[in-house]
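Worksheet for the structure shown next.
The values are calculated or read from the model by the stated rules, or taken from the named source; none is laboratory data. Because the structure is a prediction, the values reported are computed rather than measured. FYI the Cβ positions are ideal-geometry reconstructions off the backbone, even for glycines, and counts take in every protein chain you see. The area values use the complete protein model at the heavy-atom level, side chains included, leaving out ligands, DNA and RNA. Shrake-Rupley method; radii C 1.70, N 1.55, O 1.52, S 1.80 Å.
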Amino acid sequence: MNVNGPDPAGKWHNRVGGICALLLGVAYLAIIPLFAHVGAPPTGGEAWLKYLEGKTTVWWAILGLSVFTDFLFIPVALSLYLALNRSNRYAMLLGTGFVGLFVVLDLAVTWTNYASLLTLSGLHSAASNDDALRAAYVAAANYPSAVLASPTEVFFAIVDLSLGILIIGFVMLKAHGIFGKMTAYMGIATGISGIAAPSHIFPLIIINALLPTVWVLLFGLRLFRLNRS
């Protein structure tokens, strides 16, 4: 038995995983210029509400695409596990576990708080003639803003996924050509970059978005090749 090859029964999963990985890469490519357009977000509830004026439509698009990518990570991680678990089952369990943890926390914490700020921004703009009500919305915006600025949220948002990608990248490297060395090294570089630079610094956010984009596109194409093999 070839313990380093993909599961022969996993071709259907390879097809689904390849499609989802390519969709994930395309969604990331769509998100990057949207982030570049709106610029780096501030900290503080009042600063957030002022910053979002005229930008809520773009931010809702970013939020929707980001939630979509989170859901895409589920079949992608499952397909990677099925393709690589014969090479190192325990490492793949750990790697896909980190990816799953990222998905749960990103949906429950990160994008929930962004949605709160976007909703409060709309209410704040609508209450233009009521200073007391606008002050109440500013006070309410302080909580999600503080959550998004906290080091713990940054750790959850970046490091969990980066650890998962790093582990999966090392398994790819030892999987004797299933995904190719380029894909494996890109996964390792993506993981190291995310772990080394968990920050809200805007250029680093763009870099940490570009590397996973290239990685998912590379292994998405490889999953299709596994499906035909």
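Annotations
- Residues of the stretch 161-179 satisfying the condition of being more than 16 Å from residue 79 (Cβ to Cβ) and at pLDDT below 85: 176, 177
- Just so you know, in the stretch 82-113 the residues that are of a type outside the set (Gly, Ala, Ser) and under 15 Å from residue 223 (Cα atoms) include one that is surrounded by the fewest Cβ atoms within 10 Å (Cβ to Cβ), and it is 85.
- Any hit, the stretch 139-146, residues being more than 20 Å from residue 93 (Cα to Cα), buried (at least 19 other Cβ atoms within 10 Å of the Cβ), modelled with pLDDT of 90 or more and among the aliphatic types (A, V, I, L, M): yes
- Flag if residue 79 is open to solvent by 30 Å² or more (accessible area, probe 1.4 Å), polar (S, T, N, Q), in contact with a His (Cβ under 9 Å, 6 or more places away or on another chain) and modelled with pLDDT under 95: no
- The residue that is modelled with the lowest pLDDT, counting only those in the stretch 184-198 that are in contact with a helix residue (DSSP H, G or I) (Cβ under 8 Å, 6 or more places away or on another chain), assigned to a helix (DSSP H, G or I) and surrounded by fewer than 23 Cβ atoms within 10 Å (Cβ to Cβ), is 195.
- Counting only helices (runs of 4 or more DSSP H) wholly contained in the stretch 1-104, the ones carrying 2 or more residues that are out of contact with any Ser or Thr (no Cβ under 9 Å at 6 or more places or on another chain) and without any contact (Cβ under 8 Å) to a residue 40 or more places away in the chain occupy 11-38, 56-84.
- Flag for residue 80 being farther than 25 Å from residue 12 by Cβ and of a type outside the set (Phe, Trp, Tyr): no
- Residue among 60, 48 that is crowded, with 20+ Cβ neighbours inside 10 Å and over 12 Å from the mean Cα position of the chain (by Cα): 48
- Residue in the stretch 13-23 that is over 30 Å from residue 174 (Cα atoms) and not polar (S, T, N, Q) present: no
- Meets criteria (open to solvent by 30 Å² or more (accessible area, probe 1.4 Å) and under 17 Å from the mean Cα position of the chain (by Cα)) for residue 28: yes
- Residue 152 falls short on exactly one of the conditions (1) within 28 Å of residue 32 (Cα to Cα); (2) open to solvent by 70 Å² or more (accessible area, probe 1.4 Å); (3) in contact with a helix residue (DSSP H, G or I) (Cβ under 8 Å, 6 or more places away or on another chain), and that condition is (3).
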